[in-house]
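S.K.: Provided herewith is a single structure, encoded as structure tokens, for subsequent inquiry.
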Amino acid sequence: MNNTYTELANALNSNLGSCVAFRVLSERGKKIYFPHKGILGQSAEAKGAEINATIGTAFEDDGTPLMLQIVKNAFAMPDHIIHAGFLYQPSFGKALLRKKWAEMLSKKNKNLQNIKFSEPVVTAALTHALSVSAGLFLNPGDTVIIPDLYWDNYDLIFCETYGAQIKTFNTFKNGSFDVAALAAALEEGGNGKKVVLLNFPNNPTGYTVTETEANEICEVLKACAQKGSDVVVLLDDAYFGLVYEHGIYKESLFGLLANAHENLLAVKLDGPTKEDYVWGFRIGFITFAFHGASVLQLKA
Ligand SMILES: Cc1ncc(COP(=O)(O)O)c(C=O)c1O
């Protein structure tokens, strides 16, 4: 790896200090950097300069983005909205969209109100969010703990693509979520890094945990962190909100886990695809939270 790139990655990692978000990164995750001293950095510097000689977006003489008329005609919207849509956007997503999604998370999850969480990072829907999470947190050979009734694409994402292995636990016992089986799966192998993936409402069973089960699951995860493990909880909230029965937990477990423990990193993976019935949009988000997280003052 080029030394400059290693330095950039190390500088970013040092911003995280020794918190759980750094400790649980995979080797690949630790090598990731934002090449802000390269082309993207030059583009940022050029913003607002008298002459922008960088490539990326082509503009008309009046400063509006250059658009093919046939494409523009497809949008019946005010010009300023069309222009905003055509402009180049940061790789981690449009600032306004990220802010809006964060506001919606707080609105839809009462348990998240007054709790700090990261700005959501935009992905190409849930599948990409899952894949990015696997890349960030799993080394080849690492284990992901998942209930044994799970969406079959997890095999492709976690095992085939990233070389991790899936360890399942019993999903149901006597018609309820088998919280004890989750606890036993976490116990196996003693303390260490534990990556757990939970998906409610669940595909393929359609099951969503009750309020009691939601609290019990979070207690079990918190206890594991308290005993000294670093716990990453990936919450696949693809079907968030599709909950109608009384007594069923209507919020994301993210609200209960976001501030649970300094050794527990809660990672919410969601998006409007199914939540807002816009299947073709293929937009998703990854949002992070842990107890003690603070706003990062970037050193690099
Ligand atoms: C549990 C679960 N997670 C993730 C996805 C993928 O969602 P997306 O289409 O937003 O990538 C699906 C799609 O069926 C799913 O059932």
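Coordinate-derived values only; no laboratory data. Quantities reported herein were computed from a predicted structural model and do not represent experimental measurements. Cβ: placed from backbone, ideal geometry, glycine included. Neighbour counts: every protein chain shown.
S.K.: Could you list Phe137, Phe22 in order of exposure, starting from the residue whose Cβ has the fewest other Cβ atoms within 10 Å? Walk me through the numbers on the way to the answer.
M.R.: Working: Phe137 24, Phe22 17.
Exposure proxy ranking, most exposed first: Phe22, Phe137.
S.K.: State, as an integer percentage, the relative contact order of the range 95-289 based on alpha-carbon contacts under 8 Å between residues 6 or more apart. Intermediate values should be presented prior to the final figure.
M.R.: Values: 371 pairs, mean separation 51.4, N = 195.
Relative contact order comes out at 26 percent.
S.K.: I've got another one for you. So if I take the centroid of the Cα atoms in the range 61-110 and the same for the range 187-261, what is the distance between those two points in Å?
M.R.: The range 61-110 and the range 187-261 have Cα centres separated by 33 Å.
S.K.: For Glu45, project a label point 7 Å along Cα to C-beta. Then give me every residue of the range 1-23 with its amide nitrogen under 20 Å of that point.
M.R.: The answer is 3-9, 11-12.
S.K.: Fewest to most neighbouring Cβ within 10 Å: what's the order for Asp270, Asp148, Asp230, Asp79?
M.R.: Numbers: Asp270 29, Asp148 13, Asp230 22, Asp79 10.
By the 10 Å Cβ count, ascending, the order reads Asp79, Asp148, Asp230, Asp270.
S.K.: Could you list, bin by bin from short to long, the percent of Cα-Cα pairs of the range 68-141 in 5 Å steps?
M.R.: All Cα pairs considered, the percentages come to 3, 12, 16, 16, 18, 15, 10, 6, 3, 1, 0.
S.K.: Please give the calculated 222 nm ellipticity per residue for the chain, where each DSSP H segment of at least 4 residues contributes -39500 (n - 2.57) and the sum is spread over every residue; nearest 500 deg cm²/dmol?
M.R.: My calculation for the chain gives -9500 deg cm²/dmol from helical runs alone.
S.K.: Round to the nearest 10 and give me the degree value, 0 to 90, for the angle of helix 3-16's Cα axis relative to the longest principal axis of the chain.
M.R.: Here the helix axis deviates by roughly 60 degrees.
S.K.: Taking every DSSP beta bridge that has both residues in the chain, what percent is antiparallel when rounded to the nearest 5? Can you show the working numbers first?
M.R.: On the way: 12 of 31 bridges.
In the chain, DSSP labels about 40 percent of beta bridges as antiparallel.
S.K.: Something else now. Karplus couplings for the range 95-110 from phi (6.51 cos²θ - 1.76 cosθ + 1.60, θ = phi - 60°), rounded to Hz, Gly and Pro as x?
M.R.: 4, 5, 5, 5, 5, 5, 5, 4, 4, 5, 4, 5, 5, 7, 10, 4
S.K.: Could you list which residues have their amide H under 5 Å from that of Phe172, counting only those 5 or more apart in sequence or on another chain, with H placed in the peptide plane?
M.R.: HN-HN under 5 Å from Phe172: Asp178.
S.K.: How would you rank Lys193, Lys99, going from fewest to most other Cβ atoms within 10 Å of each one's own Cβ?
M.R.: The fewest-first ordering by Cβ neighbours comes to Lys99, Lys193.
S.K.: Over the range 166-213, what is the relative contact order in whole percent, taking alpha-carbon pairs under 8 Å and six or more residues apart?
M.R.: Numbers: 23 pairs, mean separation 12.4, N = 48.
That works out to 26 percent.
S.K.: Around Phe200, under 11 Å between beta carbons, what's the net of Lys plus Arg minus Asp minus Glu among the other residues? The partial results should precede the final answer.
M.R.: Working: positive: Lys250; negative: Glu213, Asp236, Asp237, Glu251.
Local charge sum for Phe200: -3.
S.K.: Follow-up. Can you give the three extents of the C-alpha atoms in the chain along their principal axes, from longest to shortest, in whole Å?
M.R.: 69, 48, 38
S.K.: Same structure, new question: Residue separation times 0.36 nm, minus the C-alpha to C-alpha distance between Leu87 and Glu103: what's the value? Before the final figure, lay out the partial values.
M.R.: Working: separation 16, 0.36 × 16 = 5.76 nm, distance 2.35 nm.
Full-extension gain reported as 3.4 nm.
S.K.: Please return the longest range in the chain lying between exposed loop sites, taking GluC sites (Glu not before Pro), DSSP loop only, at most 14 other beta-carbon atoms within 10 Å, and leaving the sites out. Each step should come with its number before you reach the end.
M.R.: Numbers: sites that count: Glu50, Glu60, Glu188, Glu245.
Counting at most 14 other Cβ atoms within 10 Å as exposed, the longest clean stretch of the chain is 61-187.
S.K.: For Lys193, give me every one of the aspartates and glutamates with a C-alpha distance below 15 angstrom, ignoring sequence neighbours fewer than eight places off in its own chain.
M.R.: Glu27, Asp142, Asp230, Glu262
S.K.: Past the 18 Å Cα-Cα mark, which pairs from Lys227/Lys268; Lys116/Lys268; Lys31/Lys194; Lys108/Lys250? The partial results should precede the final answer.
M.R.: Details: Lys227/Lys268 23 Å; Lys116/Lys268 13 Å; Lys31/Lys194 21 Å; Lys108/Lys250 9 Å.
Checking Cα-Cα distances, Lys227/Lys268; Lys31/Lys194 exceed 18 Å.
S.K.: Enumerate the amide H contacts of Leu265 below 5 Å, restricted to partners 5 or more residues apart or on another chain; note that Pro and chain-start residues carry no placed amide H.
M.R.: Here Val231, Val232, Val233 satisfy the definition.
S.K.: Tilt of helix 125-137 relative to the longest C-alpha principal axis of the chain, in degrees (0 to 90, nearest 10)?
M.R.: Here the helix axis deviates by roughly 70 degrees.
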